[in-house]
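Data first, discussion second: the structure below is written as structure tokens.
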Amino acid sequence: MKKIIFRKLLLDCTIFFLLSLFCASIIIWVFQAVNLLDIIVEDGRDFWVYLNYTLLSLPKIISKIVPFAIFFSFCYILSKYELNNELIIFWNFGIHKFELVNLFFKFSIIVMLIQILLTSIIVPSTQNHSRSIIRNSSIDFFESFVKPKKFNDNIRGLTIYADKKDEEGNLNNIYLKKDSGNKKYQITVAKTGKFQTINGSKFLVLYDGQTINLINKKVTNFNFTKSDFILTKLDSDVIVQDKIQETSTLKIIKCLKNYFTKDLLEIKDAPKYINENCTQKNLDNIFQELYKRFIIPLYIPILILTSLLLLLNSKEDLSYNKYKIIIFLSGLTIIIFSESSLKFVQDNFFGNLKILLVPFLTLICLYILFNIKFIHKVER
């Protein structure tokens with residue numbers, strides 16, 4: 001009978017948690033997807049590139065929502081059970097409150113391990129893959145990001161300006177500057193122009209203009225009545241270097257191994273090693289990323305045990321509603337602290353031990369509190 005009751009309560013909490021997580025994730029994803037529309041509108045990316053890029057942000061969104069969703073779900077279900085007198089049935093069947101605490105604690109460990117899997121493997125992998133999609137994709141809709149009376153520099157090394165643009169896509173008074181680096185650039189001005197596709201290649205066909213070239217401090221120029229400006233091989237101005245958030249956990253751990261062997265390279269030597277983020281100057285970011293992936297998920301059991309503090313009081317108590325508010329605010333404080341504690345992580349491993357011990361000590365204190373309230377109180 002106990003197993004049936006435990007299964008029913010845990011199932012209710014899990015279903016409500018998954019529904020909350022799904023709904024909140026979809027809402028946030030939709031808002032974020034709308035904000036990322038400039039990938040198509042301004043950068044001229046293909047629709048499937050945009051869709052894949054936005055979908056790959058879902059794991060990160062889910063990992064951020066899990067702590068709040070699970071705390072809110074357990075608080076809501078336990079309060080509902082209490083208000084409907086369903087918890088009394090548990091106690092009448094001889095179920096000890098500490099047994100319920102142990103059940104939820106074991107469940108919280110499972111959720112914590114899933115969260116660690118999400119933050120340490122799935123999220124970095126999807127973030128890195130989404131960046132590679134943008135990095136390797138081509139710009140298809142060049143017409144879309146050319147705005148009249150505005151300098152458009154979304155393409156790396158190229159600035160385009162047009163004074164007017166009609167409904168058929170014809171451009172008037174065009175200015176183009178192509179920067180090749182090493183103080184080499186090309187400036188082209190034309191009276192009119194239009195985007196065209198010839199044999200699968202994109203061209204900006206220019207009419208009645210002039211091109212000025214600067215090479216090795218020598219200026220040359222020539223006039224033209226018609227000129228084709230090739231756009232196929234141009235890329236948007238995106239960051240090509242992987243961020244620490246997109247680096248695999250295995251690479252970060254290998255980098256940390258060199259920290260303990262005092263063989264971590266200076267930033268000028270970084271490309272010779274595992275990745276460009278593995279440097280002395282980036283140590284604080286390395287520790288913060290590991291903290292985010294492995295330590296912050298430890299707050300999930302704390303949040304679930306915090307929600308179980310509702311078992312210490314019943315609805316018969318006149319201060320029950322105030323007590324629920326206090327528990328809910330306590331959970332929010334724990335969530336905020338778990339995220340903000342990232343700022344306290346430094347570039348010294350042993351200096352970070354204090355902040356690393358906080359979730360472990362908090363978990364032990366909560367477990368001892370339940371032990372005192374539910375075990376020793378009964379014995380007395």
Along the charge dipole of the range 327-380, Cβ charges K/R +1 and D/E -1, which of 360, 327, 348 sits furthest on the positive end?
327
Mean residue ellipticity at 222 nm from the helices of the chain, using -39,500 (n - 2.57) per DSSP H segment of n ≥ 4 over the full residue count, to the nearest 500 deg cm²/dmol?
-16000 deg cm²/dmol
Mean projected area (nm²) from the convex hull of Cα positions in the range 1-133 is 9.3 nm²
Within the chain, what whole-number % of the accessible surface is contributed by carbon and sulfur, with the 1.4 Å probe and all protein chains included in the calculation?
62 percent
GNM on the chain, Cα springs under 10 Å; top mean-square fluctuation among 354, 217, 194 goes to 217
Do me a favour and compute the ellipsoid semi-axes for the range 48-196 from its Cα gyration tensor, root of five times each eigenvalue, largest one first, whole Å.
61, 18, 11
Average accessible surface area per residue within the range 316-368, 1.4 Å rolling probe, Å²:
69 Å²
Let me spell out the model: positive unit charges on the Cβ of Lys and Arg, negative unit charges on the Cβ of Asp and Glu, origin at the Cα centre of the chain. What dipole size does that give, in debye rounded to 20?
640 debye
Provide the per-residue ³J(HN,Hα) series for the range 358-369, in order, calculated from phi with Karplus coefficients 6.51, -1.76, 1.60 and θ = phi - 60°, each as a whole number of Hz, with x at glycine and proline positions.
4, x, 5, 5, 5, 5, 5, 4, 5, 5, 5, 4
Could you compute the net charge surrounding residue 190? Neighbours are other residues with a C-beta less than 12 Å from the C-beta of residue 190; K and R count +1, D and E count -1.
0
Which three numbers, in whole Å and largest first, are the semi-axes of the equivalent ellipsoid of the chain derived from its Cα gyration tensor as √(5λ)?
58, 26, 15
Can you figure out the FRET efficiency of residue 167 with residue 332, using R₀ = 35 Å and their beta-carbon distance, to the nearest 0.05?
0.10
Cys residues of the chain with no disulfide-compatible partner (no other Cys Cβ under 4.7 Å) are 13, 23, 75, 365
Evaluate the distance, in nm, between pseudo-label points positioned 7 Å from the Cα of residue 364 and of residue 35 along their respective Cα→Cβ axes.
4.0 nm
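The values are calculated or read from the model by the stated rules, or taken from the named source; none is laboratory data. All values reported here derive from a predicted model rather than from experimental measurement. For neighbour counting, all protein chains shown are included, and Cβ atoms are generated from backbone atoms with ideal geometry for every residue, glycine included. When the accessible area is computed, the model is the full protein with side chains, heavy atoms only, and any ligands, DNA or RNA have been set aside. Shrake-Rupley method; radii C 1.70, N 1.55, O 1.52, S 1.80 Å.
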